[in-house]
Structures are given as structure tokens and as C-alpha cells.
Amino acid sequence: MTGPYQVAIYISSLACLVLGFFIANAHLKFEIALIQQEDKLIRADLTELKKITKEVRDLEKKRETLKSKLEIIDTLKKRKIGPVRVLDDLNISVPEKSWLVEVRDKGGVLRIDGLALDNQTIADFVKKLEKSEYFVRVDLLEARQEEVRGVKMKKFVVSAKFSYGGSAIINDGGGNT
């Protein structure tokens, strides 16, 4: 039986095998084309996402810069009205029986020279300054008896660290305001 049937079966098997390889090859080429097209779309999306990510980072930097600028503006606004507030609190703190002779600012510290009728008046002045949000570390440096135009008075010197922005800006670590 090695005749024409075997040759026909052999040729048809070979044709089926070639046809199977051809179909598999065509299917693989189609799959590769789909994957390449999907890869191209994904790369385009990735490029677009990278661009958006860069824009977001730039916006975040701009937001931080803006936030910093707004904080500086807020500080400047506080400092703009600060001198008026400091002097107002100083004025309000001066008791009735006392007078300020000299007020000097040196690096965020006021040196206040004054006269009072008694020690209690000086103590009241220091307590009122300590209650102000613009003054911290109020210290009585000197208090001594002195005669002024024939009247016995108490001459005093007070030192007070201050901040034009109020207590929120004062650096208690000994630095400048």
C-alpha cells in the first residue's frame, strides 16, 4: 500500500502543515501589528502624561512661591501697622502718675527712661507692658530716687523686646524680630 494513497496523504499533510504555518504566521503578524499599535498609543499617552506631570510640578512650584509671597505680604502688612500699635500700647501702658523722658529703639529692644511718683507706679507700668502682645521680656533695669524741681521722684529705666507684628512674629530665641 505504498501507492498513490500514501503520496496523496503525504502531500495533503504537507499542504495542511504549510497552510497551518501560514495561518499561524498571519495571526502572529496581526497580533504583532495590534501590539505595536497599542504600544504607539501607550507611548503617546505616556508622553502626554509626562507633559501634564511637568505642568503640575510647575504649578506646585508656582503655588509654593505664591504662598511664600503671601506670607511675606502678610508679615509686611503687620509690620506696616506695627509701629503705630507698639507706640499705642506703650502710651496706654504709661500710668497716670508717671512720665516718659526718653524712648530709644536698638535692634528690636526699647529702652524706656521715665519718672514716676512711686515704685508701685513703675510696677504697674511694667505689668501693663508685659500684657501687650507687642512686648516680651520686659525688664526693669534701674529705679532710683531723684529730685526733680524740688520734688522727690523715682527715675526708672525699662528694657522691652518688641515686635511690630505682634507676639506671633517675635523670636524668643534671642534673634531679631
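So that you can scan it fast, the table gives a plain yes or no per residue for (1) farther than 30 Å from Ala143 by Cα; (2) at pLDDT below 85; (3) in contact with a helix residue (DSSP H, G or I) (Cβ under 9 Å, 6 or more places away or on another chain); (4) not hydroxyl-bearing (Ser, Thr, Tyr):
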residue: Val56; (1), (2), (3), (4): yes, no, no, yes
residue: Lys62; (1), (2), (3), (4): yes, no, no, yes
residue: Val86; (1), (2), (3), (4): no, yes, no, yes
residue: Val94; (1), (2), (3), (4): no, no, yes, yes
residue: Gly107; (1), (2), (3), (4): no, yes, no, yes
residue: Gly114; (1), (2), (3), (4): no, no, yes, yes
residue: Asn119; (1), (2), (3), (4): no, no, no, yes
Please go through region 104-114 and give me each residue that is of a type outside the set (D, E, K, R) and surrounded by 14 or more Cβ atoms within 10 Å (Cβ to Cβ), ordered by number.
Gly108, Val109, Leu110, Ile112, Gly114
Residue by residue through region 42-95, note down the ones that are of a type in the set (Val, Ile, Thr) and either touching a residue at least 60 places away in the same chain (Cβ under 8 Å) or closer than 30 Å to Ala116 by Cβ (or both).
Thr75, Ile81, Val84, Val86, Ile92, Val94
Among residues of region 132-163 being in contact with an Asp or Glu (Cβ under 7 Å, 6 or more places away or on another chain) and small (Gly, Ala, Ser), the residue surrounded by the fewest Cβ atoms within 10 Å (Cβ to Cβ) is Ser159
Scanning for something surrounded by fewer than 10 Cβ atoms within 10 Å (Cβ to Cβ) and not in a helix (DSSP H, G or I), does region 4-11 turn up at least one residue?
no
Can you tell me which residue within region 89-98, out of those that are surrounded by 13 or more Cβ atoms within 10 Å (Cβ to Cβ) and either polar (S, T, N, Q) or more than 30 Å from the chain's Cα centre (by Cα) (or both), is nearest to Lys154 (Cα to Cα)?
Ser98
The condition of being surrounded by 12 or more Cβ atoms within 10 Å (Cβ to Cβ) and under 33 Å from the mean Cα position of the chain (by Cα) holds, among Leu66, Leu59, Leu129, Leu117, only for Leu129
Within region 97-154, residues being out of contact with any Gly (no Cβ under 7 Å at 6 or more places or on another chain), in a loop (DSSP other than H, G, I, E, B) and under 17 Å from Arg85 (Cα atoms) number 2
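The values are calculated or read from the model by the stated rules, or taken from the named source; none is laboratory data. Just so we're clear, the structure is a prediction, and the values are computed from it rather than from any experiment. With ideal geometry, Cβ positions are generated from the backbone for all residues, glycine too; neighbour counts draw on all protein chains shown.
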